[in-house]
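Everything below concerns the one structure shown next.
Derivation of every value follows stated rules applied to the coordinates shown; laboratory data play no part. Here the structure is a predicted model, which means the values were calculated and not measured. Neighbour counts run over all protein chains shown; Cβ positions are idealised from the backbone, glycine included.
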Amino acid sequence: MTQDSIGVFGSAFNPPTCGHLDAIKQAAPHFTTILLLPAAAHAFNKQMLDFHSRLALLKCFVKDLPKLSCKIEICGIEQDMLSNHPQKPVYTYDVLKLLSEQYAPSAKVQFILGPDNAKPEIWQKFYKADEIKQQWGTFVVQEQEAVRSTLAREKLQSFYKAEDEKRTHIHQQLSKILTPGVLHYIQQHQLYQA
Ligand SMILES: Nc1ncnc2c1ncn2[C@@H]1O[C@H](COP(=O)(O)OP(=O)(O)OP(=O)(O)O)[C@@H](O)[C@H]1O
Ligand SMILES: O=C(O)c1ccc[n+]([C@@H]2O[C@H](COP(=O)([O-])O)[C@@H](O)[C@H]2O)c1
């Protein structure tokens with residue numbers, strides 16, 4: 001029996017961007033399934049839009065994905081973990097432990113991350129960073145698209161403030177940062193105004 005490989009891609013997805021899309025495209029050939037895990041309570045205390053809005057955005061994002069060589073699934077395990085232990089952040093180590101109990105022995109679980117988090121000075125701040133590498137391993141993607149959620153949030157704020165003429169220009173820029181369904185959902189629900 002060949003073992004399935006599960007890539008665990010954790011992110012704030014605040015919002016999901018074309019940068020995340022590029023990361024997924026890089027990882028796709030190396031896994032049978034990639035799980036997309038929206039963060040529930042970030043270990044570095046990153047402030048994020050509420051979980052349910054980000055989950056809705058992630059569903060739009062997944063609908064926008066091109067056909068890939070692996071399955072893509074959204075996994076809400078972090079929210080369940082937070083409900084069970086509301087006082088503490090959700091650590092990647094604990095997520096991987098739970099997921100590997102769920103998928104083992106038929107599948108191998110690995111953590112997917114970008115180059116910023118892979119830098120030793122950042123990586124060593126992850127809870128049980130060495131154990132993560134030892135027990136599951138990491139798959140590091142490159143940054144080929146200079147697109148980040150921060151940039152999307154900044155552009156969205158300028159969009160809401162701008163006059164009509166300038167709005168069209170910012171909308172064009174946003175359509176290079178966000179996938180169509182995500183951009184539509186954000187504007188329909190007026191998210192990221194402040
Ligand atoms: N353009 C990109 N290329 C490669 N990896 C990326 C890219 N954008 C994000 N990632 C990776 O995706 C994971 C989750 O990223 P995260 O949700 O922090 O995105 P972000 O765009 O950096 O967010 P923010 O700007 O809000 O800090 C991280 O491991 C990060 O390195
Ligand atoms: O476990 C930790 O200590 C830890 C510290 C920082 C980030 N993480 C997770 O790593 C993923 C990407 O984080 P970030 O900071 O790039 O949004 C996301 O799933 C976070 O929950 C996890």
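Observations
- Distance violations [Cα-Cα > 21 Å] among Lys59/Lys119; Lys88/Lys119; Lys59/Lys176; Lys25/Lys67; Lys25/Lys108; Lys25/Lys63: Lys59/Lys119; Lys88/Lys119
- Taking amide H as placed 1.01 Å from N in the peptide plane, Lys71 has its amide H under 5 Å from the amide H of Thr33, Ile34, each at least 5 places away in sequence or on another chain.
- 5 Å-binned pair-distance histogram of segment 149-188 (Cα, whole percent): 6, 26, 38, 25, 5
- Computed over segment 85-164, the P(r) tail beyond 16 angstrom holds 65 percent of alpha carbon pairs.
- Coil-residue chymotrypsin sites (Phe, Trp or Tyr not before Pro) of segment 79-187, DSSP, other Cβ within 10 Å capped at 15: Tyr127
- With the cut-off at under 19 Å, measuring from each backbone N in segment 86-115 to a point 7 Å along the Cα-to-Cβ line of Lys46 picks out 88-97, 110-115.
- Under 5 Å, built H, 5+ apart or other chain: amide partners of Gly10: Leu37, Ile112
- Residues Thr32 and Lys63, FRET efficiency given R0 of 22 Å [Cβ-Cβ distance, rounded to 0.05]: 0.55
- Direction-averaged projected area, Cα convex hull, the chain: 11.4 nm², rounded to one decimal.
- Cα centroid of segment 129-194 to Cα centroid of segment 78-120, whole Å: 23
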